[in-house]
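The values are calculated or read from the model by the stated rules, or taken from the named source; none is laboratory data. Everything quoted here is computed from the prediction, not taken from an experiment. Positions of Cβ are generated from backbone atoms using ideal geometry, with glycine treated the same way; all protein chains shown enter the neighbour counts.
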Ligand SMILES: [Zn+2]
């Protein structure tokens, strides 16, 4: 089992008369992506992925990995406002407004969180290499294989400044020596980058909000194909049934929880608890004859990145119930097998970026 740390990122370029933009020189700094997010969800269960042979012919497209988030998911978002230029202080209002619109289009729930560690979607001001080009206003993507997306905004591209606040087309005035002109409001940029974070790719169709180059004639709103894409990948999908989840606990490492990831047909979680000192107790009702022994194995990644069994237990089954208690750390897998070694259940432990 491997866990990828690959990031997929796209860049939004703005093509416009350069004179209309204050062309600054970006500082050469690190991309503001919380790398710690690379260790979280390992399961892709429940996300939309392109079915085999799926043809993207509608002017919208996802990566081969499909959706970043599950249908109906609550996506916690946080805006890291460090280094925010004074002339961009209302960006957060446009983010909030854009995400409200996107709730209607996707069926996702976007909820702001004050805790950056809790966020499934992080916005930041960034000096990343790709934004050094002053024509590039933003970047968006996701940590591949995970329920985690990010968006970075240029600090010096004019499109991210408050002069461009709004949805649809806005009138830009007050730029010295330049007549008032029409341009897509910066919510078009936010929606474009959030769609990258949700798994969408660029398309060539000029009217698409996923076209990589924006110019004055663009209406600044998604076209019919963009909306269809968001329906197909998110809104039209059934909400997954709730996954049994053990109660979160707090300790020196933060919040954690355990979730049932796979269950054999006929096997049910009847109780789960994650207690202090990360002791995980579970009870399954499972088709194992009374008196036989079920096996519980905890698998964790060692220092060298190898997956090793750290705990093994066998538990006698009584009244069709398998009860067990095992110590767990973050990012473990807990497998329960029947008396013949056949799979019954798999659990994962994770931190707080819950889907
Ligand atoms: Zn883009």
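On inspection, residue 207 passes the criterion of being at pLDDT 85 or above, under 30 Å from residue 183 (Cβ atoms) and surrounded by fewer than 18 Cβ atoms within 10 Å (Cβ to Cβ). Looking at the structure I just gave you, is residue 196 under 22 Å from residue 96 (Cβ atoms), in contact (Cβ under 8 Å) with a residue 12 or more places away in the chain and under 19 Å from the mean Cα position of the chain (by Cα)? Yes; evaluated as a whole, the condition is true for this residue.
Residue check: is residue 32 surrounded by 14 or more Cβ atoms within 10 Å (Cβ to Cβ), more than 30 Å from residue 261 (Cβ to Cβ) and modelled with pLDDT under 85? It is true that residue 32 is surrounded by 14 or more Cβ atoms within 10 Å (Cβ to Cβ), more than 30 Å from residue 261 (Cβ to Cβ) and modelled with pLDDT under 85. Quick check on region 213-222. Is at least one of its residues within 16 Å of the ligand (Cβ to nearest atom), in contact (Cβ under 8 Å) with a residue 40 or more places away in the chain, within 20 Å of residue 92 (Cα to Cα) and assigned to a helix (DSSP H, G or I)? No; the residues of region 213-222 include none that is within 16 Å of the ligand (Cβ to nearest atom), in contact (Cβ under 8 Å) with a residue 40 or more places away in the chain, within 20 Å of residue 92 (Cα to Cα) and assigned to a helix (DSSP H, G or I).
Yes/no per residue for (1) under 18 Å from residue 104 (Cβ atoms); (2) in the same structural domain as residue 276 (by TED's automatic domain parsing); (3) within 14 Å of the ligand (Cβ to nearest atom); (4) surrounded by fewer than 18 Cβ atoms within 10 Å (Cβ to Cβ):
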residue	(1), (2), (3), (4)
211	no, no, yes, no
226	yes, no, yes, no
231	yes, no, no, yes
240	no, no, no, yes
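Of the strands (runs of 3 or more DSSP E) entirely within region 100-205, those holding at least 1 residues that are within 16 Å of the ligand (Cβ to nearest atom) occupy 121-126, 136-143, 149-154, 181-184.
Each residue in region 69-99 was checked for being part of a helix (DSSP H, G or I) and closer than 19 Å to residue 185 by Cβ, and 11 pass. When you scan region 306-317, do you find a residue that is buried (at least 19 other Cβ atoms within 10 Å of the Cβ) and modelled with pLDDT of 85 or more, even just one? Yes.
It is to be established whether one or more residues within region 82-89 are more than 22 Å from residue 210 (Cα to Cα) and either without any contact (Cβ under 8 Å) to a residue 24 or more places away in the chain or buried (at least 18 other Cβ atoms within 10 Å of the Cβ) (or both). Within region 82-89, one or more residues are more than 22 Å from residue 210 (Cα to Cα) and either without any contact (Cβ under 8 Å) to a residue 24 or more places away in the chain or buried (at least 18 other Cβ atoms within 10 Å of the Cβ) (or both).
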